[in-house]
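Following: one structure in structure tokens, then a few remarks.
The values are calculated or read from the model by the stated rules, or taken from the named source; none is laboratory data. Everything numeric here is computed off the predicted structure, so don't read it as measured data. Cβ: placed from backbone, ideal geometry, glycine included. Neighbour counts: every protein chain shown.
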Amino acid sequence: MTILAVTGLQREARLLAGPGIEVVVGGGDHQRLEAMIEERVVGVTGIISMGIAGGLALGLRTGQWVVANAVLDHGDALPTHAAWTQRLSAQLPNAVEGVFLGVDAMIADQVEKAALHRTTTAIAVDMESHVAARVAARHRLPFAAARVICDPAHRTLPPAARVGMRADGRVDVAAVLRSLVSAPGQVPDLIRTAFDAERAFKALLRGHRLLAGLAGPDLA
């Protein structure tokens, strides 16, 4: 039984890879990600979106797990697999269940996060879940989404953090350095963002280990 795990960063992929799990990395390009999932979807038994996310609901803290019961894809609410979602919510520590918002571009500003939460009621936002849910629905495959909050709703990401992802999901060090040179005052915010990211990645690793892989029981 093979699960296709969809994420955005190479670092997430390294944490999630394991027996029975094939990982696809989006790198912020939703069209490329959709094509890659389509190429690998034959023979898989389910698709899961997993990694880090931005918080939209106040009260969600850095390092906290959130599990989707639906994903908003450009206004369409795509449901997750009920039994799989229940299992994730039960096994991940202090997980909060709710709607995820899928977007094609990074949401970094706290004012925009608050507005999106008001208009959609989504608790978290990421750039891969809607693509994965769309392909899963097209192929009638079980779908789930579980993410760790990296930047909570009250935080605005500094400019350097917004340009730090390459198309292959690796860190664009040169772009980060150029941003810091042009606006050195953002250094304290970038350091805080880096600490938040480390906390989120540690939570992602711990949660993945608790799940003993992603496949779990029969998903039919």
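Points to keep in mind about this one:
- Failed item in (1) more than 18 Å from T7 (Cα to Cα); (2) surrounded by fewer than 24 Cβ atoms within 10 Å (Cβ to Cβ), with K113 passing the rest: (2)
- Qualifying residue in region 145-166 (condition: loosely packed, with under 14 Cβ neighbours inside 10 Å and modelled with pLDDT under 90): no
- Residue identified as surrounded by fewer than 17 Cβ atoms within 10 Å (Cβ to Cβ) and small (G, A, S) among A35, A57, A5, A70: A35
- In region 49-60, the qualifying residues are those that are assigned to a loop (DSSP other than H, G, I, E, B) and closer than 19 Å to M106 by Cα, and the one that is farthest from the chain's Cα centre (by Cα) is L58.
- One residue alone among L180, L157 is part of a helix (DSSP H, G or I) and out of contact with any His (no Cβ under 7 Å at 6 or more places or on another chain), and that residue is L180.
- Counting only strands (runs of 3 or more DSSP E) that fall entirely inside region 75-143 and contain at least 3 residues that are within 18 Å of L157 (Cβ to Cβ) and under 16 Å from the mean Cα position of the chain (by Cα), the qualifying elements are 124-126.
- Region 183-220 - residue that is farther than 28 Å from P158 by Cα, part of a helix (DSSP H, G or I) and in contact with a strand residue (DSSP E or B) (Cβ under 9 Å, 6 or more places away or on another chain) and, of those, modelled with the lowest pLDDT: L211
- Qualifying positions in region 80-98 - surrounded by fewer than 20 Cβ atoms within 10 Å (Cβ to Cβ) and without any contact (Cβ under 8 Å) to a residue 60 or more places away in the chain: A82, Q86, S89, A90, N94, A95, V96, E97, G98
- Positions within region 42-54 being surrounded by fewer than 17 Cβ atoms within 10 Å (Cβ to Cβ) and either in contact (Cβ under 8 Å) with a residue 60 or more places away in the chain or in contact with a Lys or Arg (Cβ under 7 Å, 6 or more places away or on another chain) (or both), in sequence order: T45
- Taken over region 164-177, the residue count meeting the criterion of being outside any helix (DSSP H, G or I) and farther than 19 Å from A200 by Cα is 4.
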